[in-house]
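Below is one structure, written out as structure tokens; comments come after it.
The values are calculated or read from the model by the stated rules, or taken from the named source; none is laboratory data. Computed from a prediction, not measured in an experiment: that's the story for all the values here. Ideal geometry is used to build each Cβ from the backbone, glycine not excepted, and the neighbour counts take in all protein chains shown.
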Amino acid sequence: MKNEEQIYSFVYSLKGWIALKEDKASSFSMACCGNQAILKTSNLGTQFFAHKAKPETNDCSTGGETEEHRHIKYLVSKTLFECGWRVEVEKRGFTPSGEEWIADIYAEKGKAKIAIEVQWSPQTFIETRLRQEKYAQSGVRCAWLLRSGSMKARDAIVGDYAYSTKDMPVFSIYKNKKQDEQTYVVYNVNKLKTDSYEPLEPISLELEDFIKSLVSSKIKFTKKYSPVKRLYLKIIKQNCWNRRCGGTTKVVTRMYFKEMVFGIEIEYLFQSKAIDDCDDQILKALNSQLSKAYNFAPLRRRYSKTVGGSYVANSCIHCDALMGKHLIGYYNDEDPSMVKTHCIDIPNKGDLIEQGESFEFGKWVMKGM
Ligand SMILES: [Zn+2]
Ligand SMILES: [Zn+2]
């Protein structure tokens, strides 16, 4: 408190801060207890207020906060302030049902209310989710910066949170000790998970740039899986085996699938399938959307004496004779009559969803990547 007015250290430029230190006409006191405050600058460059005399109770202590932790909070507050946000630190608030939360950094601009939590000590995923829930109930969007001391720790931290969803923006913050002491880098990704398909560029931004990008909506959530898959067919011409017919007819040889992964279309050839065991939903979609356009008889489950069972089969478009699957080679790319149909949308049943993930799973990425 400067006289009766609450002030924050991060709003002052270096020059302004020095001028404030030399302001002997004003009195400075701590907001926590009203005791006398002194103005300090840490060797990392954090401008902060401290108790002139060691506080008597723990209520006033910084809770064992490390210098780095304080520095990161300072840089976040300062950046938000410079972006035009009204910033409060250690802001106390309540959910509509009366549960308390205290935000490391809280900021408002227009109708937007945000919190940035800088988590220094390890916190379980469940704990983070509970705290996030309180913010959500209070109409506050909260992003988490989880500290990691090393690359390995960074990967482990983000690894725990690898299955992130839109309602919980989690990032890791890491200080590269080899670089300038002031450099903190924020990541959205862990490098251990290299076996998984990641078409997105990872975020790796300096703290101030990260905060600026975050509040200007340049970082957005992209779901990994789409609820829709795409399907196309390969079709060839065959002569009808029925001597009384003798016509040529189109037969579907195989179905091919395309998936959207992080909004990027990918074709997994290993997913291509014979039509034999095509499920009813897909069967209905491809008969209604493709059979007329490509002039093949609707596919249906038929009994085959040769096989001694029934399967989804082609039929001759002229005489309805069953065009047996044993007569169709599986891969007919060399067949000069081979045609690929256009793609149709079918529901994605999530065959490719990796363990622990869901349709809600995604990543926070830079827009335009
Ligand atoms: Zn105090
Ligand atoms: Zn025929």
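If residue 11 satisfies all but one of (1) more than 16 Å from ligand 1 (Cβ to nearest atom); (2) under 25 Å from residue 214 (Cβ atoms); (3) within 32 Å of the chain's Cα centre (by Cα), what's the number of the condition it fails?
Condition (3) is where residue 11 drops out.
Among the residues of the range 121-139, is any in contact with a helix residue (DSSP H, G or I) (Cβ under 8 Å, 6 or more places away or on another chain), modelled with pLDDT of 85 or more, among the polar types (S, T, N, Q) and loosely packed, with under 15 Cβ neighbours inside 10 Å?
No, there is no match, as no residue in the range 121-139 is in contact with a helix residue (DSSP H, G or I) (Cβ under 8 Å, 6 or more places away or on another chain), modelled with pLDDT of 85 or more, among the polar types (S, T, N, Q) and loosely packed, with under 15 Cβ neighbours inside 10 Å.
Within the range 284-293, work out how many residues are farther than 13 Å from residue 314 by Cα and either surrounded by 15 or more Cβ atoms within 10 Å (Cβ to Cβ) or outside the structural domain of residue 324 (by TED's automatic domain parsing) (or both).
Counting residues in the range 284-293 that are farther than 13 Å from residue 314 by Cα and either surrounded by 15 or more Cβ atoms within 10 Å (Cβ to Cβ) or outside the structural domain of residue 324 (by TED's automatic domain parsing) (or both) gives 3.
Just name the residue that is nearest to residue 359 (Cα to Cα) out of those in the range 218-276 that are of a type in the set (Gly, Ala, Ser) and within 16 Å of ligand 2 (Cβ to nearest atom).
Taking the candidates together, the pick is 247.
Tell me whether the range 33-42 contains one or more residues that are more than 16 Å from ligand 2 (Cβ to nearest atom), more than 43 Å from the chain's Cα centre (by Cα) and at pLDDT below 90.
Within the range 33-42 (the criterion being more than 16 Å from ligand 2 (Cβ to nearest atom), more than 43 Å from the chain's Cα centre (by Cα) and at pLDDT below 90), the answer is yes, since at least one residue qualifies.
Are any residues in the range 185-224 at pLDDT below 85 and small (Gly, Ala, Ser), and if so, which ones?
196, 204
From the list 95, 46, 66, which residue is within 21 Å of residue 210 (Cα to Cα) and surrounded by 11 or more Cβ atoms within 10 Å (Cβ to Cβ)?
After ruling out the rest, the residue left standing is 46.
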